[in-house]
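So the structure is just underneath, and the comments pick up after that.
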Amino acid sequence: MPYNYNHVVSAIIYRRIADLDLASQLHGGKGFKFFTFSQLNIPRRKAFKNFLLSEDGRFYFFISSPNVELIKSLVEGFIDKPEIDFLRGRVNVEYVEFLKPPEFQRNMKFRTLSPIIVKTVKEEDGVLRQWDVNPNDLKFYENLQKNLVRKYSEFHGGYDGDEYLRVIPYQRSIKRKRIMIPKEDAETYHRAYHMKFRVEGDPRLIEFGYDCGFGEKNSMGFGMVVPS
Amino acid sequence: MNFEFKEESGLEFTGNWFIDSGVLGFVRLLEDIYGIELQEIREIARRKEILYFGLFPFAYICSEINRKATAHSRVPKDLINEFRFELLNSDWESGEEIFEFTWNNYVTRAAMKVWVERKLESVLFKKNGVDELPSDLKDSVTSIKKDADELEKKLVEKHADDLNKILGHRSKRFKSDDIAKILSVTDDDLREFPEDLSYSFKEYRDCLLNLMGLFEEKWKRDVVGKERVPEALDLFYRLPIDNKFYKNFLFFQYSAAHQKQKESLLDIISFRVEDLEVLKKVDKTINKFLTSYKKAENTYYAPLTSRHLKSFSEYLFVYLISFDRAFEFFNRMGYVLFYSNDLDITYRVNRKLRIRKSKIEDQSVLLRVTWQEIIDSLIELKSEWALENMYIIKYRDVNSQTQRFVDVEYIGISKMHAAILLDDVIRENINHTLQVGKSEYVWLLEHLIQNKPLKPVVMRHLVMRASGRTGQMSIKPLIYALAIDSEVFSGLKACVFEDPLEISPRMEEVVFRIKEAYGEMNTARRNVTELIPRGTRENTLNHLMSILRRNNRYLFVNTLLKILMQENEAFHRLKNYLFNRILQNDETWDIYAAALLTGFLGGR
């Protein structure tokens, strides 16, 4: 499989949502999609220049969402039609499992299962353009927090808690990852970051970040975390 | 609530357990003597004077007589019936008139034989027995006693072995207990013994009968039908009644002569607070737990003055002296009383305990029988309001010196439990005993009433079923038990006070919700049984049970999902149950999971 596979996994997820209304609502909607997924884990893999090879043909990944109906629909889809199109071949879903969520507290440590993207808008030559921000820029944290609160408010119809959210990465754990996502015949490159970090804030916000993903473009496979 | 205020008769509980025990004792006393039940007593109680001044004193004296009477001196049933008939079918002007009639004509007749027996004992076995007799009896009694003594000596010396067969002991003299035995020996019985013994024995028996005849004649002449006994013989004619519980109280005192006994009983019934010192207070003369007025050493309750209680209960002392009658003696447990604040339930439950007395040998059986009757009463009387305050009260002894509580056990049922039990379908379905060990069984209903969760019982039973160690097959009781658990033990808030307006709708709702939960669990259970192949079910059951015991929700769901990935139809039918009732249900997921396990067992 190619190194840039986010769009492939994303397509699998959309295709496997059994509830058609929900699928079209997610796909067509312009707002947040409220789910995220991890990078692929390939236990027996071999890396080549342009692709990765799973020697035994097995791989797995995690999906997470605060939307229970979506998860339910996905599981239903995978069990109903375990055979899925994958690139030009076909793979079978062997099994689906649920993960026990952690106990959410004000202070937690996480590590990313898929890298985090945070963007900002900058003016260049009189035109507003989007830029990926890196964790050395304070804007990274400000926008990460704003994004999480916005997502929470949209999903729950409002947020009445403390918006304070402090994210402290372990500097040595930060790894940049460049990911290409094809979009309408063009190729868009994103600078995303894997990291371990400590987060402090309202446990509701932290839980929502765990379910939905931190940062932006969650539904394209960015920002998924697990307790570290 | 279905309670109706029943009483014009006034025969109801007061809310004070001590007085209420007396009310129950009063009812049981009348039931014992006249064979009438609570409802009939209530009917009669509309004519209060007849009940309290007639039926009560006669029954009370009869029961005191019968308590220690021999077969010969027990109050004859015919006399009791005759009294009851005459009392109920005559017109009376006042309570005092009824009491006079009762005492003079019937109490005296009822007490005659026991009095005669005591006098006979006194003459035969007491050193100065003859000296205490009135002069008109002395000569004739002395003469007969002399003959009797000679005969006794002869019998004991010559026929010790044969007497041993008749009396059951060897002794140099007869004992007071022997009198009843001697009187009960018939001529036929004596045929197997030597003629010499037979002749002397008959002669001795005739002596006894002659003495008794003399006493009977004297009693009839001076006492029966008389308003007063001769003043000089007042103590001689004392009714030989004694009650350990009220040893020092009025007519039980040994110094109380016949007339005093009569007056004291009337004082108690008419509750003449002003006239009689002892009735001015309710103190430890009645019960050890009350205050002693002389030395206020053992003050357990506040001092109670009768004046205050008079308006509270018109016949207070009638009930108080009936207190000990409420208790039933059980082997190994002592004196036991089931008490609730409803007379009907208390009466019925205690009656049932009494009927089953021979089978009740320990606390567990006592509770089981009690619960069965409580539930029957609950259904019939619908007095669920009474069920919140129920107690088992145990005394070690009802002796005046050692009135000691062994235990007071609170066994109240909450409103919610009562509401659940009142539903016929639910009750019938959990009125089951489940095998949970080799020889261990649990009655689901009892467990519920005791507010214990039912799921552990169901789980233990499932283990038995899974390993084929029980022949029990039914599924419905298991599902109902789990459905109840899911509602009773979910959403319990630790609030001390609850808005009364919210209680009632919640009670009604709980039954509905239990049935809904049952429906959902049962459908899921059937889907498992019908859509997952038997082999798969049998292979997975133990593993799932073990996961459930370890309380690992996610492993349970994931293991189930692995099975369901092979059984598409089953997955579709169960997916909502899995998500809503197990995965997203933090509080009661284990109960819903246990319901699924019953499906893995199969059966109906």
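Brief remarks follow.
- Which numbered condition A:PHE48 misses (of (1) touching a helix residue (DSSP H, G or I) at 6+ places or on another chain (Cβ under 7 Å); (2) at pLDDT 85 or above; (3) aromatic (Phe, Trp, Tyr)): (1)
- Every listed requirement among (1) closer than 18 Å to A:TYR14 by Cα; (2) open to solvent by less than 40 Å² (accessible area, probe 1.4 Å); (3) outside any loop (DSSP other than H, G, I, E, B); (4) of a type outside the set (Lys, Arg) is met by A:PHE222 save one, (3).
- Members of the range B:7-37 that are crowded, with 21+ Cβ neighbours inside 10 Å, more than 15 Å from B:TYR315 (Cβ to Cβ) and of a type in the set (A, V, I, L, M, F, W, C): B:ILE33
- For B:PHE497: the one exception among (1) open to solvent by less than 70 Å² (accessible area, probe 1.4 Å); (2) at pLDDT below 90; (3) more than 14 Å from chain A (Cβ to nearest Cβ): (1)
- Residue match in the range A:72-90 (condition: within 14 Å of another protein chain (Cβ to nearest Cβ) and in a loop (DSSP other than H, G, I, E, B)): yes
- Number of residues in the range A:91-129 that are more than 14 Å from chain B (Cβ to nearest Cβ), in contact with a helix residue (DSSP H, G or I) (Cβ under 8 Å, 6 or more places away or on another chain) and free of Cβ contacts under 8 Å to residues at least 40 places away in the same chain: the value is 1.
- A:PHE32 more than 26 Å from B:LEU561 (Cα to Cα), assigned to a loop (DSSP other than H, G, I, E, B), away from chain B (no Cβ under 14 Å) and hydrophobic (A, V, I, L, M, F, W, C): yes
- Hey, B:LEU133 within 21 Å of B:GLU217 (Cβ to Cβ), open to solvent by less than 30 Å² (accessible area, probe 1.4 Å) and of a type in the set (A, V, I, L, M, F, W, C) or not: yes
- Exactly one residue among B:LEU183, B:LEU137, B:LEU133 is of a type in the set (A, V, I, L, M, F, W, C), touching a helix residue (DSSP H, G or I) at 6+ places or on another chain (Cβ under 9 Å) and farther than 17 Å from B:CYS207 by Cα, and that residue is B:LEU133.
- Residues of the range A:187-210 classified as outside any loop (DSSP other than H, G, I, E, B) and either over 22 Å from A:LEU40 (Cβ atoms) or in contact with a helix residue (DSSP H, G or I) (Cβ under 9 Å, 6 or more places away or on another chain) (or both), total: 16
- The range B:526-539, subset open to solvent by 20 Å² or more (accessible area, probe 1.4 Å) and under 53 Å from the mean Cα position of the chain (by Cα), residue nearest to the other protein chains (Cβ to nearest Cβ): B:ASN539
- Lone qualifier among B:PHE201, B:PHE193, B:PHE236 - being buried (at least 16 other Cβ atoms within 10 Å of the Cβ), modelled with pLDDT of 80 or more, of a type in the set (Phe, Trp, Tyr) and not in a helix (DSSP H, G or I): B:PHE236
- B:TYR577 meets all of the listed conditions (1) away from chain A (no Cβ under 14 Å); (2) closer than 14 Å to B:ALA483 by Cβ but one, namely (1).
- Checklist (1) open to solvent by 30 Å² or more (accessible area, probe 1.4 Å); (2) over 39 Å from the mean Cα position of the chain (by Cα); (3) modelled with pLDDT of 90 or more; (4) hydrophobic (A, V, I, L, M, F, W, C) applied to B:VAL224, failing item: (2)
- Residues that are open to solvent by 30 Å² or more (accessible area, probe 1.4 Å), within 9 Å of chain A (Cβ to nearest Cβ) and not in a loop (DSSP other than H, G, I, E, B) within the range B:551-574 comprise B:ARG553, B:TYR554, B:LEU555, B:LYS562, B:ASN568, B:HIS572, listed in sequence order.
The values are calculated or read from the model by the stated rules, or taken from the named source; none is laboratory data. What you are looking at is a predicted structure, and each value in this text was computed from that prediction instead of being measured. Here Cβ is always computed from backbone atoms with ideal geometry, including for glycine, and neighbour counts include all displayed protein chains. These area figures cover heavy atoms from the full protein model, side chains too; ligands, DNA and RNA do not enter into them. Shrake-Rupley method; radii C 1.70, N 1.55, O 1.52, S 1.80 Å.
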